[in-house]
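Take a look at the structure set out below.
The values are calculated or read from the model by the stated rules, or taken from the named source; none is laboratory data. Values in this document were obtained by computation on a predicted structure and should not be read as measured data. When we count neighbours, we look across all protein chains shown, and the Cβ atoms used for this are built from the backbone with ideal geometry, even at glycine.
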Amino acid sequence: MRLYLYILTLFFGFSNFCQGQFLHTPAEIEEILRKSPTKYQIIEEKNLKSEDFKSCRQETTPNIQSTNGIARWYSESYIFVDKKKGPVKRKLKKKLKILKKEESEVEAKDYAQLSKWNYFLGDFEQAIYYKKLEQKASNNPLLGNLLLAKCYHKLGKKEKAFDHIVNAKILASYCKNAKEQPKVYYEKFDELLVSILKKNKLAYDPWSIEPLYCIKNNYEIRYQGQAWEAYAYCKAVWKNEKGYAEKMKSISDQPLLMVEEKESLLNALTAYLRLEIKEQEKAFTLIGQSLDHNFIDELIIYELYHAQGKIYPYLNQESDDLTKLKDYFKLAHCIPLPKK
């Protein structure tokens, strides 16, 4: 009885995010599938890995140049390269003298080079100075977070380093050449993140949500575990049941993809709570905590989009979207270190 009441409360909680209208329960979703003229094939996959399900879904990163004012940028992967030495440093110093002009004549690309070369020469204050000029000239205040994080870290300014490395992490999917970076780039990225968090007496928790489901074009639903079975059923209804998505437009002014994910996660969480033996306990615990802290939108944006290398197309840097996303990341992925 206590579990039933908790699940009922859960539905009310989720529904509050959709203007008081009710999202559909797992039983209602199953009833829609049962009455559907479409004949679904339901297949449980006990041995497939997360990568297999992802490949089965054939997910692709959309080719988006900008979205809601957030301009994309190229990675500053050079910050993970060893410092330039000897003759190269002398060459860079010479280039700096040539490139330094009257400020009115310097272009954004020049600021980028000045920032890069000062970084290699170990003048981190100057690297920061020119990076900020580049941000202003290009009208992109989110540009260069990785470089700024590394420079502030080197200068011992731990709070500023923390702020910029979190920005870099949550917005990494906006990097235009992210897919081209070698594995070592991301390893060094996370090493820097861990190092900066440690200075701020925090540890990085790299947990993730891994939806173990797939829906094929021949109406074949594949899943692993009862929680992801419920999630897959909901996804199948959204994808294949005529008029369903159109009808759900009326319950919220949020983008439909957000409403779809909320309903799908609600179904998965409800199924998870009914399990005697829990699966992906960490992920579902954080889903519940995010609901309690009013971070469910941010969980969806980060865990199901940005952390998967996909861009959430409705993020707006002019509102408090980024602030809430950073607050969510700190709650979900930054753990206080035990006091000595």
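Structure data summary
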quantity	calculated
Some residue of segment 230-250 being farther than 20 Å from residue 39 by Cα, aliphatic (A, V, I, L, M) and surrounded by fewer than 21 Cβ atoms within 10 Å (Cβ to Cβ)	yes
Filtered residue count, segment 282-305, keeping only those that are farther than 18 Å from residue 257 by Cβ and not hydrophobic (A, V, I, L, M, F, W, C)	7
Some residue of segment 189-196 being surrounded by fewer than 20 Cβ atoms within 10 Å (Cβ to Cβ), over 17 Å from residue 73 (Cα atoms) and of a type in the set (Gly, Ala, Ser)	yes
Condition broken by residue 98, with the remaining ones in (1) part of a helix (DSSP H, G or I); (2) modelled with pLDDT under 90; (3) touching a Leu at 6+ places or on another chain (Cβ under 8 Å) satisfied	(3)
Of all residues in segment 165-221 being acidic (Asp, Glu) and under 15 Å from the mean Cα position of the chain (by Cα), the one that is farthest from residue 261 (Cα to Cα)	190
Within segment 174-274, helices (runs of 4 or more DSSP H) holding 1 or more residues that are without any contact (Cβ under 8 Å) to a residue 40 or more places away in the chain and of a type in the set (Val, Ile, Thr)	183-199
Residue check, residue 225 of a type in the set (Gly, Ala, Ser), within 30 Å of residue 41 (Cβ to Cβ), out of contact with any Phe, Trp or Tyr (no Cβ under 7 Å at 6 or more places or on another chain) and modelled with pLDDT of 90 or more	yes
